[in-house]
Amino acid sequence: MHAPVSPPIPIELLLRAYRGGVFPMADHRSDPEVYWVEPRERAIIPLDGFRLSKSLKKVLRQDRFHVTCDTRFADVIAECAAPREEHAESWISHRIEASYRALHAAGHAHSIECWQDGELVGGLYGVSFERVFCGESMFSRTADASKVALAWLVAAMRQAGFALLDCQFMTDHLATMGAVAVPQSRYMDMLIAADGYPVASLPDAVARFAASSSPGKSIAQSLTQTS
């Protein structure tokens, strides 16, 4: 007999957790349990402090990737949940994956997808409420794909009037993109200050950039202007 599959985390409970500065993780892919994490330090990317390297600027301006929002949420989260190396365990359990798919269906989780020759080669997903976006995970099947997805996210958030981009845990990779670590108490202050509504949704802001004759150039230009 198979062990019963745990039901997804209720949408309201998930949103209440994020508004309270906590988020769920699991020990492995098949873990039926979740544990709630409240880091002492939080990684955030200040929206006016995104570090656009010369090489990334060049990649953007070349429009090497076709970028979309919310066209393949389930595929993006499945790619993020896939183990990166042999014997590695993903903290994105099947239960967490199902919970975020439900959150996406309710309009509170979004994905950014990077395409090359019609193939999904990179992207990210996260949770959105008020003027906050909590980045959950990203993946890259080819060089620079996840960096491009992050650049598009930051540009879209800036244009849509968002205030806070949470990256949860600090990594060297995020630091190169401008991420800084703040104490959880400071993060909570920023979370409270980011109430209210953005002027546009993330999918709309991404679509606006995508409609440009040279989308990547528009993204690079918007990121080099101080907000």
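The values are calculated or read from the model by the stated rules, or taken from the named source; none is laboratory data. Nothing here was measured: the structure is a model prediction, and the numbers come from that model. With ideal geometry, Cβ positions are generated from the backbone for all residues, glycine too; neighbour counts draw on all protein chains shown. These area figures cover heavy atoms from the full protein model, side chains too; ligands, DNA and RNA do not enter into them. Shrake-Rupley method; radii C 1.70, N 1.55, O 1.52, S 1.80 Å.
At a 1.4 Å probe radius, which order do 170, 190 fall into by accessible area, largest first? Walk me through the numbers on the way to the answer.
Values: 170 85, 190 45 Å².
Order by accessible area, largest first: 170, 190.
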Kindly provide the helix-only [θ] at 222 nm of the chain, computed as the sum of -39,500 (n - 2.57) over DSSP H runs of four or more divided by all residues, to the nearest 500 deg cm²/dmol?
-11500 deg cm²/dmol
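Can you tell me the FRET efficiency between residue 19 and residue 71 if r is taken as the Cβ-Cβ distance and R0 is 35 Å, rounded to the nearest 0.05?
0.80
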What are the aspartates and glutamates whose alpha-carbon lies under 19 Å from the alpha-carbon of residue 217, with same-chain residues fewer than 8 places away excluded?
48, 63, 113, 144, 204
Hey, in the GNM for the chain with a 10 angstrom Cα cutoff, which one of 37, 127, 206 fluctuates hardest?
37
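Could you check how much of the accessible area of the chain is carbon and sulfur, as a whole percent, using a 1.4 Å probe?
Numbers: 5720 of 11130 Å².
The computed percentage sits at 51.
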Using a 1.4 angstrom probe on the protein heavy atoms only, could you order 147, 217 from most to least accessible area?
217, 147
Quote the FRET efficiency, to the nearest 0.05, computed for residue 33 versus residue 213 with a Förster distance R0 of 35 Å and r equal to the Cβ-Cβ distance.
0.10
Could you please put 153, 120 in sequence from largest to smallest accessible area, using a 1.4 Å probe?
120, 153
Roughly how many nanometres apart are two label points built 7 Å out from the Cα toward the Cβ at residue 199 and residue 48?
1.5 nm
Before I look further, what does the chain give for accessible area per residue, probe 1.4 Å, in whole square angstrom?
49 Å²
How far apart, in nanometres, would the label points at residue 173 and residue 63 be if each is projected 7 angstrom from Cα along the Cα-to-Cβ direction?
2.7 nm
Given H placed 1.01 Å from N in the peptide plane, which residues other than close sequence neighbours of residue 23 have an amide H under 5 Å from its amide H?
37
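Can you tally the net charge around residue 160? Count Lys and Arg as +1, Asp and Glu as -1, for every other residue whose Cβ sits under 13 Å from the Cβ of residue 160. Working shown, then result.
Values: positive: 131, 158, 208; negative: 130, 204.
Taking every other residue near residue 160 into account, the sum is +1.
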